[in-house]
Amino acid sequence: MQLRFTLLVLTALALAGCRDDFSLEADYQDVPVAYAYLNPDDSRHFIRVEKAFLEAGGNAEAVAGIADSIYYGAEDVTVILENVTQNTSREMERVNAQDYGLERTDGIFAQSPNIAYSLTDQELPLFGGNTVRLTIQRPGEEDAVAETNLIPAIEISRPGEMVRVDDYPRPVAVVWSKEEEAAIYDITIFFTIRELYPSDPDRNRTVQLEWPVVSGFVPGPEQSSSNLVSYDIQSESFFQFIGSALEEEAGVTRRFQFFDIQVAAAGQEVLDRRTLENANAGITSSQSLPRYSNLIGGLGLVTSSTSALKEGIQFDNGSLDSLEAGIYTRDLGFR
């Protein structure tokens, strides 16, 4: 379960920390590009460091598919991660992230190898609230540097172990601890449902549905206090999602098991990036999106992330009755 929501943070928050959304075409210069979502709860940390690769007149899509064109060679760059608060630092190891189960998303960029720089938390302990600094060193070039503050672990206090969702006007409140370093959030719910086939028990299976409730949530004053953040989910939307995610099927009996709720948070840099892009994305804009970067001497996004997962939340009896007979799910075989 830990692996599931750790990987989700890498892909869900604003999120997708290693996006392939950059390209340069100019007289050649050595421009490093770095992306990182550092989570102090992870046992191993990864940072993507690449190079802007295109000389004037080149074919961007063709060059992007050549691994040597987007990655520095083993002797061409030194990547150092420093815990500024603890006054400790380590050189990161150049690795193929595929060896750790991290595949590069489909696109025009070379898929394999998936070069990244990595170290374990034992090699360089990171803690929530610490300031960390990334330094990219290249022979004969100025260092490229980025800093970020690590988000401490968050805790989900609501909902409790059982919820009522059959009263449509009454929302389900999700409440979690507020950390100063966190600026933007995703909320995801995972439903676990058992499907039974009395005439063919070999087909019995457990199904998990993933519901992205909200992405890029920035709490306003009414949703944030000195120590808590809250988000209301409309009760009716639980049934609407399940009704749209499952298909009617003859001969199946479905039994609702439970749901898990995940809150994932990212740092101020993600919000700053989104704000900059949104400010220039309207119909009256130039349609040329500015490129956000907090890597001085290069391009990229170095930030922090964390997530919390509350598991095994039940529907109360009234909600189970509505799942069986309600307008959105009554034809799905819930019993």
For this session: Give the residue, chosen from TYR185, TYR117, that is within 15 Å of VAL229 (Cα to Cα), touching a strand residue (DSSP E or B) at 6+ places or on another chain (Cβ under 9 Å), hydroxyl-bearing (Ser, Thr, Tyr) and assigned to a strand (DSSP E or B).
Result: TYR185
For this session: Filter the strands (runs of 3 or more DSSP E) completely within the stretch 124-167 down to those with at least 2 residues that are closer than 21 Å to GLN257 by Cα.
Result: 156-158
Exercise. With respect to ARG330, is the statement that it is at pLDDT 95 or above and assigned to a loop (DSSP other than H, G, I, E, B) true?
Worked result: yes
Seminar exercise, completed: The condition of being surrounded by 18 or more Cβ atoms within 10 Å (Cβ to Cβ), more than 14 Å from ARG44 (Cβ to Cβ) and at pLDDT below 95 holds, among ASN114, ASN130, only for ASN114
Exercise. Does the stretch 61-97 hold any residues that are at pLDDT below 65, of a type in the set (A, V, I, L, M, F, W, C) and surrounded by 13 or more Cβ atoms within 10 Å (Cβ to Cβ), and which are they?
Worked result: VAL63, ALA64, ALA67
Exercise. Name the residues in the stretch 173-190 that are over 14 Å from the mean Cα position of the chain (by Cα), open to solvent by 10 Å² or more (accessible area, probe 1.4 Å) and modelled with pLDDT of 95 or more, would you?
Worked result: ALA173, VAL175, SER177, LYS178, GLU179, GLU181
Problem set entry | Of all residues in the stretch 211-242 being over 25 Å from ASP166 (Cα atoms) and of a type in the set (Ser, Thr, Tyr), the one that is most open to solvent (accessible area, probe 1.4 Å) | SER226
Exercise. Would the stretch 228-236 turn up any residue that is out of contact with any Ser or Thr (no Cβ under 8 Å at 6 or more places or on another chain) and without any contact (Cβ under 8 Å) to a residue 60 or more places away in the chain?
Worked result: yes
Seminar exercise, completed: The one condition ARG205 fails out of (1) in contact (Cβ under 8 Å) with a residue 40 or more places away in the chain; (2) of a type in the set (Lys, Arg); (3) exposed (fewer than 13 other Cβ atoms within 10 Å of the Cβ) is (1)
Exercise. Which numbered condition trips up TYR100, out of (1) aromatic (Phe, Trp, Tyr); (2) at pLDDT below 95; (3) open to solvent by less than 80 Å² (accessible area, probe 1.4 Å)?
Worked result: (3)
For this session: Could you grab the pairs with beta carbons closer than 9 Å, sequence gap of 6+ or different chains, first residue in the stretch 125-146 and without any contact (Cβ under 8 Å) to a residue 24 or more places away in the chain, second one surrounded by 15 or more Cβ atoms within 10 Å (Cβ to Cβ)?
Result: GLY140/ASP30
Problem set entry | Among residues of the stretch 292-311, those that are over 20 Å from the mean Cα position of the chain (by Cα), farther than 16 Å from ARG48 by Cβ and not β-branched (Val, Ile, Thr), counted | 1
Exercise. Can you tell me which residues in the stretch 123-181 are on the phi > 0 side of the Ramachandran plot and charged (D, E, K, R)?
Worked result: none
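Here's the yes/no breakdown for (1) touching an Asp or Glu at 6+ places or on another chain (Cβ under 8 Å); (2) in a strand (DSSP E or B):
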{"site": "GLY216", "(1), (2)": "yes, yes"}
{"site": "GLU222", "(1), (2)": "no, no"}
{"site": "TYR231", "(1), (2)": "no, yes"}
{"site": "SER237", "(1), (2)": "no, no"}
{"site": "ASN278", "(1), (2)": "no, no"}
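The values are calculated or read from the model by the stated rules, or taken from the named source; none is laboratory data. These numbers were taken from a predicted model, which means no experiment stands behind them. Here Cβ is always computed from backbone atoms with ideal geometry, including for glycine, and neighbour counts include all displayed protein chains. Ligands, DNA and RNA are excluded from the accessible area calculation, which covers all protein heavy atoms including side chains. Shrake-Rupley method; radii C 1.70, N 1.55, O 1.52, S 1.80 Å.
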